[in-house]
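Please read the structure below before turning to the comments.
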Amino acid sequence: MIRLSKVTHAYGDVPVIEDVSLSVDPGEVVGIIGPSGVGKTTLLRILALFVRPRDGTVELDGESVWSVEEGERLALRRRIGMVFQESSLFDATVARNVEYGLRVRQGWTDRLREQLRSIAGRNGSWDAVDEALDLVGLEDKVDQSARSLSGGEAQRVSFARALAYEPTYLMLDEPTSDLDPRNTGLIEEAIQEARDRGIGVVVATHDMHQAERIADRVGVLLGDGLTEIGPTETIFENPTDERTRKFISGELVY
Amino acid sequence: MSLEAVAQSLPALVDLPFREGYVTSIIYVSLYVSVVAVTLSTLFSIPVALAMGFTDFPGKQFVKSVINTGMGFPSVVVGLLVLFTVSNQGPLGELELIFTREAMIISQFVLATPPITAISLAAITGVSDNVREAARALGGTRLDVALVVIKEARYGIGTAVLAGFGRAISEVGSVLIVGGNITSSQGISKTRTLTTAIQLEARQGQYETAMILGAVLVAIVLVVNGIVVRIGDTGPMDR
Amino acid sequence: MSTAGCTGGDDGNSEGEGGSQENQGEQAAVAGETLTLTTTTSTYDTGLLDEIHPQFEEMYGVTVDAVAQGTGAALESARNGDSDVVMVHARGLEDEFMRNGYGINRRDLMFNDFVIVGSEDDPAGIQGMDSATEALTTIAEAEAQFVSRGDNSGTHTKELNLWEAAGTEPGGDWYQETGTGMGEALNIANQQGAYTLSDRGTFISQRSEIDLTILVQGPIEGGPEILANPYGVMAVNPGVHDNANYDLAMAYIGWITSPGAQEAIADYQMNGEQLFFPEAISEDPDFQQYVPEGWSSDSADE
């Protein structure tokens, strides 16, 4: 479980999130909705153990993330995957992109051997890479150059890249905002599949209907903290907080 | 066709007044000194460019102005500075580097580093932050991320290395001063490069011979450029 | 004086000059070492050194690195201890070098001469003059084009000495200082139909490519003595630079002033002409070669 307790963060003097507490367990999809710019990305970064909040605690499976050594924290961080809004693939083949996470987790001697093998033209391939690409329906693009992919394909490869090393948790920041309906659908399917495999997924999205579709729980971020968090049905049909109700119904315009 | 065969057939083709092995030996010295200098410079410049691009450290502004000044620094002055350093009277006199290839390598290292660093820096900072973030998010250590940046910037870095190589292999004044333009009495080069050989022919008024050596030098530069571009596969032009 | 590695009957190995090279190399304490010799560009460019050095190198099993730098730089390198032995043709500078304690064991080596060359038209009319200083004065007065090395080389030094002896200071549009080597200077003079002072050796090697002729001869062909160009060789003083390869320097000086090498020098030709005239060996004593000119025990400064 990743647990945030009373987490506050600001950039300079500008407060971004205040007093947020939430948790994520493996095997569930948590959606974070709210208007653009409200701090969803920052929240995700804190969840991914990237950003140290000004205040509050962050725990992974009981360990206080920011109280341990850098090396230990790296090990913790490596159990989490992240997909950004822009696909940011490396200028290499799809295979090289997807296997990146696996490669950096190898020991240096193994990595050296792999490097020498690839120079000699004998590229090894990881099963995990094929499986991850299979999940997003792009197994046939394995050796293609990443730069030649369409936007939707690139984002799917990004997804596969984050999944290949079997993280326990997966953070997705607006993964489908730039995509067409077909690719959006494929990503959403992949998210469900990841959840079914036991991965704890957090999806930040400004499309509340997407959250309604795929999330088990939804948190509503409305500019000064987590207004509410609860099971999807509850949030959408019977929210506790008045602001949530207004946001869901479209009355609250930011 | 091997380099040896080309170099030996060259005199026959153009009737150069050189002894056998002369041209080959000066080509060898030219390449040896330049390649070693550029390799050392690249190994030094890339980490510096990474540091300059992504971190803040005390003296960063100073380093930046040193690099910029170095780009246009008169190479013959570098030669003089290296001479003062490696001469018997200088601080490194003990090492007896004067009139050796090693002194020439030092001199070319100093000359090649500013352009290699500056151009690599431009390429490296051109790598989008998103890519760096992704590399980190996927579990990369700082070293992993640095390697990713280098790979992403590889075309720019290749350009940088070529620029450095071009500066090194074209160098005359400084390698002449610290190297001494020496050959054995059989005409096999010890510290004579194509450029200093050209200078020697020119001072004797043998301009035609100088031009032929010049053509050899240009050919080498073109070949090296071609090889590096080739290694870059399709390159950025195919985007 | 004896030099290290001197072939002699000491070990009973001597077989005359045809003695096995291996033996001599192993005997010599300097075998495998490198001698750094700095000299002028005009000396080096004649190709003499590359021609005669192999004999010395084989004799001792050593390598000679001949660095062609130009007179001033050659002496400066020696002053800095970057070379072991220096060979130039600028007596005034050699004397200064010795006076300052940097050079010892000087020997006269060889000589050639300078010539004043110009285009056949000879606008200043100096052809055949037997006074070099008069020729230069005539050129100056006629303001005829004159190319000067302008680089503190041996040739340039000689040229300046001539102007001084002639009592004329050169200057003006007609007097061009190029700062180049002799070959280039001749090319420039050729293009402009100008006069210049050249060492005979470089002129001979360039003769086929330029249209200049000798207008004032040097002493080798009966011209004025003042145009003589004597070469000297000196060892770098190990008292000043303890890393100087003194043993090998002395072996070199010993060899190059020996009858065998002196003969090889005389035999050296360029374009069918002898370039250098040996001077190291004579029946009569020549004390002046060991000390600065004009030095005597009466005039001891220290």
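The numbers here are math on the coordinates, done by the rules we state, and not lab data. The model shown is predicted, which means the values in this text are computed figures rather than measured ones. Neighbour counts are summed over all protein chains in view; Cβ atoms, including those assigned to glycine, are modelled from backbone coordinates with ideal geometry.
Table for the structure above
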item	result
Cα→Cβ-extended label distance, 7 Å offset, between residue C:127 and residue A:111, nm	8.3 nm
Relative contact order, percent, chain C [alpha-carbon distance under 8 Å, six or more residues apart]	25 percent
³J(HN,Hα), Karplus 6.51/-1.76/1.60, whole Hz, each residue of segment C:37-50, x for Gly, Pro	10, 9, 8, 8, 5, 5, 4, 4, 5, 6, x, 4, 5, 4
Segment A:174-254: GluC sites (Glu not before Pro) falling in loop per DSSP and having at most 12 other Cβ within 10 Å	A:251
Extent along principal axes [Cα atoms of chain A; Å; largest to smallest]	63, 44, 33
For chain A, built as a Gaussian network whose Cα springs stay under 10 Å, the top-fluctuating residue of A:168, A:240, A:232	A:240
Chain A: most fluctuating residue of A:183, A:97, A:238 per GNM, C-alpha cutoff 10 Å	A:238
Segment B:87-102 - phi-based ³J(HN,Hα) in whole Hz, Karplus 6.51/-1.76/1.60, Gly and Pro as x	4, 3, 7, x, x, 9, x, 4, 7, 6, 8, 5, 6, 10, 5, 4
Charge dipole (chain C, unit charges on Cβ, about Cα centre) - positive-most of C:230, C:243, C:29	C:243
From the C-alpha gyration tensor of segment C:133-226, square roots of 5λ in Å	18, 16, 13
Convex hull volume per residue for segment B:24-193, taking Cα atoms only, in Å³	126 Å³
Total charge dipole magnitude, segment B:24-193, about the Cα centre, Cβ charges on Lys, Arg, Asp, Glu only, Debye to nearest 20	200 debye
Sequence-distant residues sharing a close amide H with residue C:111 (under 5 Å, placed H)	C:231, C:277, C:279
Mean residue ellipticity (222 nm) of chain A, computed from DSSP H runs ≥ 4 via -39,500 (n - 2.57), nearest 500	-10500 deg cm²/dmol
For segment A:195-223 and segment A:76-130, distance of Cα centres in Å	28 Å
4 °C / 1.567 mPa s Stokes-Einstein diffusion coefficient of segment B:119-239, Kirkwood radius on C-alpha pairs, µm²/s	74 µm²/s
Chain A, relative contact order in percent, only Cα pairs under 8 angstrom and at least six apart counted	28 percent
Sorted by Cβ density within 10 Å, fewest first, the residues B:76, A:203	B:76, A:203
Partner chain coverage, peptide B:84-93 - average Cβ within 10 angstrom	3
P(r), alpha carbons of segment C:51-111 - 10 Å bins starting at zero, rounded %	19, 49, 29, 3
Gaussian network model of chain C, springs between alpha carbon atoms under 10 Å - residue of C:169, C:51, C:283 with greatest fluctuation	C:283
Per residue, the convex hull volume that the Cα atoms of the protein assembly as shown enclose (Å³)	249 Å³
Mean separation of Cα contacts under 8 Å, 6 or more apart, over the residue count of segment B:88-161: relative contact order %	36 percent
Inter-centroid distance (Cα atoms) of segment B:76-91 relative to segment C:264-293, Å	35 Å
Charge-dipole axis of segment B:24-193 as Lys and Arg at +1 and Asp and Glu at -1 on Cβ define it, positive-most pick from B:75, B:165, B:39	B:165
Two-decimal Rg to Rh for segment B:35-122 - Kirkwood Rh, Cα set	1.02
Burial ranking of peptide ranges C:264-275, B:166-177, B:55-66 (average Cβ count within 10 Å, highest at the top)	B:166-177, C:264-275, B:55-66
For segment C:41-110 and segment B:129-184, distance of Cα centres in Å	42 Å
Rounded to whole Hz, the Karplus (6.51, -1.76, 1.60) HN-Hα couplings of segment C:241-258, x for glycine and proline	10, 6, 8, 5, 7, 5, 4, 6, 4, 5, 4, 5, 4, x, 5, 6, 9, 7
Per-residue average of Cβ from other chains inside 10 Å of B:198-211	5
Packing-based exposure ordering (other Cβ within 10 Å, fewest first) of C:130, C:113	C:130, C:113
Average beta-carbon neighbours from other chains, 10 Å sphere, peptide B:137-150	6
GluC sites (Glu not before Pro) within segment A:61-114, DSSP loop, no more than 12 other Cβ atoms inside 10 Å	A:69
Ranking of C:234, A:1 by count of other Cβ atoms within 10 Å, fewest first	A:1, C:234
Candidate lysines for bridging to residue A:141, where Cα separation is under 22 Å - those fewer than 8 sequence places away on the same chain excluded	B:151
